[in-house]
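Colleague: To start, I am sharing the structure in question, which I have written as structure tokens.
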Amino acid sequence: MTEHVAPEKRPLLTRKVWGMLMLLGLAGQLAWAVENQFFNTFLYDNITPDPRAVSWMVAITAVVSTLTTIFIGTLSDRTRSRWGKRRPYIFIGYIMWGIITILFPYAAKFQPVALGIFMAILFDSILTFFGAMANDGALSAYVTDVTTDANRGRVVGSLEIMKWIAFLVIYGGAGFIIQAMGYYGFFYTIGGLTTLIGLLCVGSLREEPETEKPQGTYWQQIAGTFQLSSLRQNRNFFKIMISLTLFMLGINVFFSYLMIYLQHYVRLPIVESSVVIGVCILVGGIGAAYPIGLLVDRWGRRPVAILSAIFESAGLVVFSLAQTVPMLILGGILWLAPFTAWTIATTTWTRDLFPEEKRGQFAGYYILFNVAFTMIPGSLLGGWLASTYGVATVLDGKAGFIPTPLLFQVAAGIVLLAIIPLLTIRTPKAQ
């Protein structure tokens, strides 16, 4: 009598699905890169040169992003529909994400300045809601759904390449695009592309139909994570989150002001600033991402993360001392490549530790520690350093401050602290 063997499930991560993930990753990272840097630059150049307005916008949208990812991520865990549990949120999110990107520059039409600042923050908050729904909540959980411990590093590394290609387009090419088309044409182009890719790709993603009803209620699922037994069960995850918070706190001290620093302190024209960032991304981002993903799968998550924090600190110090284009490129590569390694190692590691039935929810907690706990204090600290120790300036008749190298030096000290929690985690060799 032969034993009955259940038919094997077809793998969800087919070549076509992997390709669609890369395109969605590219579109999402294009939109996030514009939001993270050029919304700030637009606000500074066209509404007010006060760095504190950038800090307020970054802090408020960080809260929106975090809450959206936790609540929508949890909702996607519990969704049971014929369209799947992640795809509806990816579909709606990408369409609206692109539309709001197109609308953002109209905030500058509102007067007085205070109203213009309010409208910029409002538009950015709405955009962040849909972006976090699509990318940070649903798509992040979907990637975890369709990958395994054996191939997750490679997939995350491939997505990291898409992130750096997006950064190359935005940081390396934005100067040329803005010069040719203006800010409005720039935002129209990126917003339209985001919506188009979302429309084309989401239908190709595959999901297993969910038939089992979720246990408990929506709010019980969220509250249950913070019970003592659950915290103990997921202690390694939360230790990594503490480490992630310290590292990204340092990064956010300077990141919102990077283009402002290059254009107004180093006095590089926007095209030269874009060239510096573009070369750094080609070498330290795109060139390094996939090999690092392989290394993370083969060597382990923790050693890559620890070494990347050490090299990140050193690279930021070098960058802060650079004043010429060649040295800025060298310094940029020296902090950007370790940042790439850190992102791949910690993202892969945390996804390994997501509870299977709560992947969307835990993607939200990743954003809580990676964004809210870092962008709010980090950007506020950066804004305070820029306004307290920065160079006073007047831009278009408005008083403001120019950030100085101190931001990068403070960040270099903070990122080293991220090593401490990692040293307390005992892991198998694969991590």
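Colleague: When segment 328-356 is examined, which residues are found to be small (Gly, Ala, Ser) and in contact (Cβ under 8 Å) with a residue 24 or more places away in the chain?
Modeller: If we filter segment 328-356 for residues that are small (Gly, Ala, Ser), which is where we start, we get 331-332, 337, 341, 345.
332, 337, 341, 345 - these are the residues of segment 328-356 that are small (Gly, Ala, Ser) and in contact (Cβ under 8 Å) with a residue 24 or more places away in the chain.
Colleague: Turning to a different aspect of this structure: State all residues of segment 368-393 that are β-branched (Val, Ile, Thr) and in contact (Cβ under 8 Å) with a residue 24 or more places away in the chain; if no residue qualifies, say none.
Modeller: As a first pass, look at segment 368-393 and keep what is β-branched (Val, Ile, Thr): 371, 374, 376, 388, 391, 393.
Those that are β-branched (Val, Ile, Thr) and in contact (Cβ under 8 Å) with a residue 24 or more places away in the chain: 371, 374, 376, 391, 393.
Colleague: Where the second residue is small (Gly, Ala, Ser) and not in a helix (DSSP H, G or I) and the first is farther than 16 Å from residue 105 by Cα and at pLDDT below 80 and lies in segment 45-62, which pairs have Cβ atoms under 7 Å and are six or more apart or on separate chains?
Modeller: Note: pairs meeting the criteria are 50/400; 51/400.
Colleague: Which is surrounded by fewer than 18 Cβ atoms within 10 Å (Cβ to Cβ), more than 20 Å from the chain's Cα centre (by Cα) and within 30 Å of residue 301 (Cβ to Cβ), of 150, 114? Talk me through it step by step, then tell me what you get.
Modeller: Numbers: 114 fails: within 30 Å of residue 301 (Cβ to Cβ).
Unique residue meeting the criteria: 150.
Colleague: Which condition from (1) surrounded by fewer than 16 Cβ atoms within 10 Å (Cβ to Cβ); (2) under 24 Å from residue 284 (Cβ atoms); (3) not β-branched (Val, Ile, Thr) is the one that residue 208 breaks?
Modeller: It is condition (2) that residue 208 fails.
Colleague: For segment 92-208, give me every one of the helices (runs of 4 or more DSSP H) that falls completely inside it and has 2 or more residues that are more than 18 Å from residue 21 (Cα to Cα) and of a type in the set (Val, Ile, Thr).
Modeller: Working: elements: 113-131, 140-146, 152-167, 173-201.
The helices (runs of 4 or more DSSP H) meeting that bar are 113-131, 173-201.
Colleague: Between a first residue in segment 232-256 that is basic (Lys, Arg) and a second residue that is not in a helix (DSSP H, G or I), which pairs have beta carbons less than 9 Å apart while being 6 or more apart in sequence or on different chains?
Modeller: Taking only residues 6 or more apart or on different chains, the pairs are 235/425; 239/424; 239/425.
The values are calculated or read from the model by the stated rules, or taken from the named source; none is laboratory data. Fair warning: this is a prediction, and the values are worked out from it, not measured in the lab. Note that we place each Cβ from the backbone using ideal geometry, even for glycine, and neighbour counts take in every protein chain shown.
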